[in-house]
Every structure is written in structure tokens, then in C-alpha cells.
Amino acid sequence: MSVPLSVRPVRRGLPAAEVITVFSDGKTFSLPEAAARPVRSRASNGARVAREHLQRAAFKGEAHETHALPLPGRTARTLFIVGTGKALTLDVIRRGVAAAVQHAKAEGLRTVSIIAPFAAVFGSELGRAFAEGALLANYRFTAYSAETAKREKRLALQRVELLVPPQERKAVEEGVQRGTIDASATMLARDLVNEPASRMTPQSLVEEAQKIAKASRGAIELTILDRAQCAERGMGAFLAVAQGSTAEPAFLHVVYRPAPKLPIVALVGKGITFDSGGLSLKPADGMETMKIDMAGAASVLGVFSALPKLKFPIEVHGFIAACENMPSGSAVKPGDIVRTASGKTVEILNTDAEGRLTLADAIAEARKVRPQVILDLATLTGACVVALGEEVTGLFSNDEATAGKVLRAAESAGEYVWRLPLIPEYRSNLKSSVADMKNITGKRWGGAITAALFLKEFIGNTPWAHLDIAGPSYAEKQTHPAIPVGGTGVGVRTVLRYLESLPTR
Ligand code: BES
Ligand code: MN
Ligand code: ZN
């Protein structure tokens, strides 16, 4: 269900919407009277009434604090006040818009106005944050529940509008278009993650990539390698993971090529469409959400869906080694030794550490296009979730400049990313007595780091950032107003902003 978004000129008085959203630091309010004097509105009547009410409600105006104030009148209407803390930031706006949309949906209200007399401070980025907040908050996966589908239809929002000073309208509208592209890409990734594993097989990922290529009208090329072609290229690690499943594996190479001779970025996504653990079988509760193990691939495809719409001026390649990790009579066995596409051999001691195996071969394939940087997104380790919790992506990088750019991109996207170290001392834990390395350490600690160190063995000198999204790729419960329960599409907006930050030469 999509939401009609609009940008309109702010006028004196309250707009005719059911949810009227203003921002407040606890003292001043972004009411329309303030249009001439951005943010600071002290004397107006509306501000005084709101202030008095909020004093009673003990509203402090802290960042992300919200308060719904019923407005007098015949119809159910609320003044929805979003706390800004000390400073109004784009993330406060994004979350505030999302919270207002959630409020409307929860109360059965259908029209939302966001009053933004401060638009000049943010320009087009305001429109972008507004669109992202509104669209991502409104997202629901309804494909298999008639009841939820019906409720969503019944509660569909009629209008979410952003009210800005007239001279800002054009810039903000451009931002809304940009934010709509970001949000659509994220929602595509969410859809792919939310599909059950029996519906989102390696072959289905291929079909999704084909749809994206088709919609790009020639801007995106797609090459698919089947099992035999992967074998020809020596992808022994990927095929070892795939061999326990009856589902055919597929290797996807997606290319967005605006013009020759541009800098090349490679995106690699982990594409395990179901991770049972293989013969090193997971316990039942550890398997419940393992349809999400292709979230990295989903985010990479989400990014590709946006690139042609943006007429993006950088050549981007995507690599996805897609398969299921299943136990069976043909499954890879603990103790097996495989040869990766790079030539390095790996002793597989735990078949549940499969992501790094498939990624090793995908990285080798990525390096063939000589990218100036490789970014990988992978639901790689439970250890990363232990380290950072469910809402923070772990970042590993061999390059300071790349790490810095990714962190800044995440910050402006409003996604939590925290850098973890590639401690060289831990590398020795991956030493095998029979192969070049083994796929686990046999130690309990530092699992996110050793998994990243495993990948690093295949990266060579290419600048690289690895995003371990095991925690934030799926929301068990809603804690962020723009992230409903289920697949989150994490990484899509960070990667898009990262790409934007690169020089295009
Ligand atoms: N796909 C899992 C990691 C994961 C865990 C993702 C929880 C999302 C939520 C990965 O393939 C895995 O099983 N990793 C093992 C590695 C271990 C065997 C060294 C893990 O984290 O337990
Ligand atoms: Mn696993
Ligand atoms: Zn996995």
C-alpha cells in the first residue's frame, strides 16, 4: 500500500489534517506562525495552548520523545508533538514523520500534516527524510495474511503532507523524489527477506534480478552462472555449501554501467536463501528466522533497483552466490576440504559457518572486474549480534578512507553502524593442519572478527568494507518507528549514500 505524499506551502493557522505534527524542544514549537521566523515561535496562541498542555503531560522535548495532544472539535484530530532534543536533525525529522504515520495508523486517522517552517535549514534533504520516514513507516508485508491485508487497506493513509515556506517547495519536492527512490529500494529488500524460504529460492533471486534488469530498460545487465559454470570457475567453496540442497544454486552478476571508464564499485551480498546449518544443524529456534540469510543479497538488489532511477554516474557490479545450506546425503561433511576460486583450500569443520565460504568465491569473482572498492553485506555471525545487539551493523575495513565514508553514509541514512577491529593476532586461529585455512576457530570468542578475517584472506589489496548485518536485517519487534516487524532492508540506504559520496571523475 503506497502513501500519497505531497509538499505544500505552509500557511497561518492549523492545517485541515487529522494528525498535525510539529517539532518541539520543549519550549518552542514549529507551528505555522513561525514560518517567517524559523523554529522559534514564542508568542502565538497555538504555541501557548500546546505549551500549557505539555507542561501538564511533562513533555520535555527530548530527542524522539513524542506526545499526542487531542484537539477540540467534532472530528478526532491530534496535535502530534515530536521532541527534538537540543538540535533538530534529519534523523529526528525522519523518525518524527515515521512516528506520526504510526500514530495515524494506530488511531485509524488518514491524513497527516508535518509542519516544517524550518525547511530552509535542510533544503532537499528535508524532503528526502520526510519521504523515507513516511514510506518506511507505512510498510507492511501482507502477502500471506488476508486479515492484515484487509486492515492495511482499511487504514490506508489518504495524504501525508509536508508544509514548508513557499520558496523552499521546489528543493523539498526534489528531495521527496529522492527519498521515494531510497524507500522503494529498501522496501524491495524487505519484501525479498520477508518471503518464506520455500518461495524465495536461489532461482527466485534470479527472477527478482531479472525484473530489476528489465525495469532498467537496458541500464542493468545480468549474467547468471549455473552449477556447472560455477564449477568451471573453480567455485569449490560455494558449491560445497550448495551441494546438500535439492534447490539448484545460482551465481548472479549484476552490472549497472552508465558509461565506460568510470570508477567501479563491487557490491557482494550473502545469498543463503535458507540456513539450516547443514550437517552442523542448528537447533530449532536458531532456524526459525533463517530465511533472512539472504538479506545481504536482498539489499544489494535493492540498491540496483535504485541506480537506474538515479541515473547514477558510477559503474556498479553486484555479486551474489545464491544457494540453500541444507543437510542431506549429499551435503558437505565436517572435515571436508574444498578449493576456493582463489586457489586457497579450506577445511570445513563446521558447515554452519557457510556464509564465509560462499562469500570467498563471490569476492574472487568480484575482484576479476578490478573494482576500486568492494563492499559486502552479510548476515554473517551470531557473534556480531552478541557484540552489538540487534540494531547495530558491524563494520570491518582494511581502509580508513572507506571505513570513514561508510560510517558517514550510515549516519546520514539514520542506520547504526559501528566499526570493529580486524585484529591480526586472531588470524592464527584460522590455521588448519591440513588446508590453507579452516572455516571456524574452535574458540568461543570474537566470532564476528574471525569471520571478517576469513573474508579478508580473499580480498587482497582492494579497499574493502564488510558489513555484518546479522542483527539489524530483521526486526523481531518494532523499536524504530520506520522499521516495522520483519525484514528491514538494512544497508540499502547506507550503501546508496556511500555511493553518492564517491568522486565520479
Ligand atoms: N547465518 C548465520 C548467522 C546469523 C545468526 C544470522 C543469527 C542472523 C542471525 C551464519 O551462517 C552462522 O550460522 N554463523 C555461525 C558461525 C559459527 C558456526 C562459527 C554462528 O554465528 O553461530
Ligand atoms: Mn550458518
Ligand atoms: Zn548463514
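The values are calculated or read from the model by the stated rules, or taken from the named source; none is laboratory data. This one's a predicted model, so the numbers in the text were calculated from it and none came from an experiment. Note that each Cβ is placed from the backbone with ideal geometry, even for glycine, and that neighbours are counted across all protein chains shown. What goes into the accessible areas is simple: the full protein's heavy atoms, side chains included, and nothing from ligands, DNA or RNA. Shrake-Rupley method; radii C 1.70, N 1.55, O 1.52, S 1.80 Å.
Of all residues in the stretch 281-301, which are among the hydrophobic types (A, V, I, L, M, F, W, C) and within 11 Å of ligand 1 (Cβ to nearest atom)?
Taking the stretch 281-301 and keeping what is among the hydrophobic types (A, V, I, L, M, F, W, C), we get 281, 284, 287, 290, 292, 294-295, 297-298, 300-301.
Selection gives L281, M287, M290, I292, M294, A295.
When the stretch 447-461 is filtered for residues that are touching a Leu at 6+ places or on another chain (Cβ under 7 Å) and open to solvent by 20 Å² or more (accessible area, probe 1.4 Å), the ones remaining, listed by number, are I449, K456.
Could you tell me whether P371 is touching a His at 6+ places or on another chain (Cβ under 9 Å) and farther than 21 Å from M326 by Cα? So that I can check it myself, show each step before the final result.
Details: touching a His at 6+ places or on another chain (Cβ under 9 Å): yes; farther than 21 Å from M326 by Cα: yes.
Taking the combined requirement at face value, the residue satisfies it.
Residue pairs whose Cβ atoms lie under 9 Å apart, sitting 6 or more positions apart in sequence or on different chains, and linking a residue in the stretch 219-236 that is in a helix (DSSP H, G or I) to a partner that is among the basic types (K, R) and surrounded by fewer than 18 Cβ atoms within 10 Å (Cβ to Cβ), are G236/R339.
Conditions tested, residue by residue: (1) modelled with pLDDT of 95 or more; (2) open to solvent by less than 10 Å² (accessible area, probe 1.4 Å).
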| residue | (1), (2) |
| --- | --- |
| V97 | yes, yes |
| H103 | yes, no |
| A120 | yes, no |
| S124 | yes, no |
| T142 | yes, no |
| K153 | no, no |
| R159 | yes, no |
| V164 | yes, yes |
| Q167 | yes, no |
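Counting just the residues of the stretch 265-308 that are aliphatic (A, V, I, L, M) and not in a helix (DSSP H, G or I), which one comes out nearest to S473 (Cα to Cα)? Looking at the filtered set, the residue picked out is I272. Every condition in (1) closer than 24 Å to R217 by Cα; (2) not in a loop (DSSP other than H, G, I, E, B) holds for L262 except the one numbered (2).
In summary, E324 fulfils each of the numbered conditions (1) in contact with a Pro (Cβ under 8 Å, 6 or more places away or on another chain); (2) acidic (D, E); (3) part of a helix (DSSP H, G or I) with the single exception of condition (3). Which residues, taken from the stretch 66-84, are at pLDDT below 95 and assigned to a loop (DSSP other than H, G, I, E, B)? Within the stretch 66-84, L71, P72, G73, R74, T75, A76, R77 qualify.
Given the criteria among the aliphatic types (A, V, I, L, M), over 16 Å from A295 (Cβ atoms) and not in a loop (DSSP other than H, G, I, E, B), does A465 qualify? Before the answer, list the steps.
Values: among the aliphatic types (A, V, I, L, M): yes; over 16 Å from A295 (Cβ atoms): yes; not in a loop (DSSP other than H, G, I, E, B): yes.
Yes: the conditions hold for A465.
Scanning the stretch 476-505 for residues that are in a loop (DSSP other than H, G, I, E, B), under 11 Å from A410 (Cα atoms) and β-branched (V, I, T) yields one hit, V490. Would you be able to say whether some residue in the stretch 462-469 is open to solvent by less than 60 Å² (accessible area, probe 1.4 Å) and either over 23 Å from the mean Cα position of the chain (by Cα) or free of Cβ contacts under 8 Å to residues at least 60 places away in the same chain (or both)? Within the stretch 462-469, one or more residues are open to solvent by less than 60 Å² (accessible area, probe 1.4 Å) and either over 23 Å from the mean Cα position of the chain (by Cα) or free of Cβ contacts under 8 Å to residues at least 60 places away in the same chain (or both). For the stretch 225-248, the criterion of being within 26 Å of the chain's Cα centre (by Cα) and surrounded by fewer than 20 Cβ atoms within 10 Å (Cβ to Cβ) is met by none of the residues.
For the stretch 366-385, how many residues are surrounded by fewer than 24 Cβ atoms within 10 Å (Cβ to Cβ) and touching a residue at least 12 places away in the same chain (Cβ under 8 Å)?
Filtering the stretch 366-385 down to residues surrounded by fewer than 24 Cβ atoms within 10 Å (Cβ to Cβ) leaves 367-373, 381-383, 385.
In the following step, the residues that additionally are touching a residue at least 12 places away in the same chain (Cβ under 8 Å) were identified as 367, 369-373, 381-383, 385.
Total meeting the criteria: 10.
Can you tell me which residue among E425, E415, E500 is touching a Lys or Arg at 6+ places or on another chain (Cβ under 7 Å) and acidic (D, E)? Walk me through it before giving the result.
Working: E425 fails: touching a Lys or Arg at 6+ places or on another chain (Cβ under 7 Å); E500 fails: touching a Lys or Arg at 6+ places or on another chain (Cβ under 7 Å).
Answer to the selection: E415.
Of all residues in the stretch 384-408, those being within 24 Å of K344 (Cβ to Cβ), more than 16 Å from ligand 1 (Cβ to nearest atom) and outside any strand (DSSP E or B) number 3. Here the stretch 308-363 is the region considered, the condition is being of a type in the set (D, E, K, R) and within 13 Å of ligand 2 (Cβ to nearest atom), and the residue that is most open to solvent (accessible area, probe 1.4 Å) is D352. Residues in the stretch 427-446 that are open to solvent by 20 Å² or more (accessible area, probe 1.4 Å), within 12 Å of ligand 1 (Cβ to nearest atom) and assigned to a helix (DSSP H, G or I): N429 only.
Results for (1) within 18 Å of E457 (Cα to Cα); (2) within 15 Å of ligand 1 (Cβ to nearest atom), shown as yes or no for each residue.
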site	(1), (2)
A331	no, yes
T340	yes, no
A353	yes, yes
L357	yes, yes
A364	yes, no
K368	yes, no
G382	no, yes
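What do you reckon, is E500 under 20 Å from D293 (Cα atoms), of a type outside the set (F, W, Y) and open to solvent by 10 Å² or more (accessible area, probe 1.4 Å)? Answer is no for this residue. Looking only at the stretch 245-280, residues that are within 16 Å of ligand 1 (Cβ to nearest atom) and hydroxyl-bearing (S, T, Y) come to 4 in all.
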